[in-house]
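A short worksheet on the structure shown next.
The values are calculated or read from the model by the stated rules, or taken from the named source; none is laboratory data. No experiment lies behind these values; they were computed from the predicted model shown. All Cβ positions, glycine included, derive from the backbone under ideal geometry; neighbour counts span all protein chains shown.
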Amino acid sequence: MKPSELTYITQDIIDKGGINVTSPEMMDEVRRYNMDAVTNGARRKRMQMIQGIWLIVQIPLIIASVCMYLTLETISDRFAGLAGDFGMIMSYARLGALFLGLFAYLGLFGYYIIFRFQRDPKIMFLCSAPVMLTTTLGILITIVNVVSAYICEHKEEKFSEEAGYPAFVRLAVTTVESDARSIQDLTYDSIKERTKHWRSEGDEFL
């Protein structure tokens, strides 16, 4: 639900996390808000969880790919030796770039993305770019990081337009002189029936 669609629920009420229902119309709005809050909160947490898992998993993937490359590199060193000094220089330069990219990636990515929780697409690219110096997998991971960052940013903007963002707190419902024995027993029908009874006796629904 958009904030503009709410009549009885204000941001102050959402911040407090509870509301006293005084009419069936209010109860209907609170019920619809709570349903949307639960749905939006679950979707946002799921999005953050999937992104978080990917950001953690990619680190051992990169390390594993580097170890595999180094294993193959020991074999190719023999052929580089046959190519003379130039071949050996190129081989060592490649290893230097690989380790430089790996350590730069681990440092930048670990600090800004994992610990500082900076998920802006530009920052994601800058922190992921050094890994492109390692293996072909590093290039693919950088692309996936940037694309996922753009997708999550777009979804986050959509969530920010919904009422209750960012926590999407579900409102606790209370009512004055309700027949319900607890908040869990409070229903739209019980309020509606009690309203009819009070109005028939000339009372007001408080």
Completion exercise
Tyr150 meets each of (1) of a type in the set (Phe, Trp, Tyr); (2) closer than 18 Å to Thr39 by Cα; (3) in a helix (DSSP H, G or I) with one exception, condition (2)
Handout entry: Output for the range 118-132, where each listed residue is hydrophobic (A, V, I, L, M, F, W, C) and within 17 Å of Tyr150 (Cβ to Cβ)
Key = Ile123, Met124, Phe125, Leu126, Cys127, Ala129
Fill in the blank from the handout: Residues in the range 3-16 that are outside any helix (DSSP H, G or I) and modelled with pLDDT under 90 total 0
Practice task
Check the range 132-143 and report whether any residue there is among the hydroxyl-bearing types (Ser, Thr, Tyr), within 30 Å of Met35 (Cβ to Cβ) and surrounded by 14 or more Cβ atoms within 10 Å (Cβ to Cβ).
Solution key: no
Exercise for the section: State whether one or more residues within the range 35-48 are more than 30 Å from Phe115 (Cα to Cα), modelled with pLDDT of 90 or more and part of a helix (DSSP H, G or I). Expected result: yes
Problem - Unique residue being part of a helix (DSSP H, G or I) and either more than 21 Å from Leu70 (Cβ to Cβ) or of a type in the set (Lys, Arg) (or both) when the list is Leu102, Leu126, Leu106 - result: Leu126
Exercise for the section: Please verify whether the range 11-18 includes one or more residues that are surrounded by fewer than 18 Cβ atoms within 10 Å (Cβ to Cβ), polar (S, T, N, Q), under 25 Å from the mean Cα position of the chain (by Cα) and farther than 30 Å from Ile114 by Cβ. Expected result: yes
Completion exercise
Checked the range 39-61 for anything of a type in the set (Val, Ile, Thr) and surrounded by 14 or more Cβ atoms within 10 Å (Cβ to Cβ); matches are Ile59
Exercise for the section: Please state which of the following conditions Ile143 fails to meet, knowing it meets all the rest: (1) modelled with pLDDT of 95 or more; (2) touching a Cys at 6+ places or on another chain (Cβ under 8 Å). Expected result: (2)
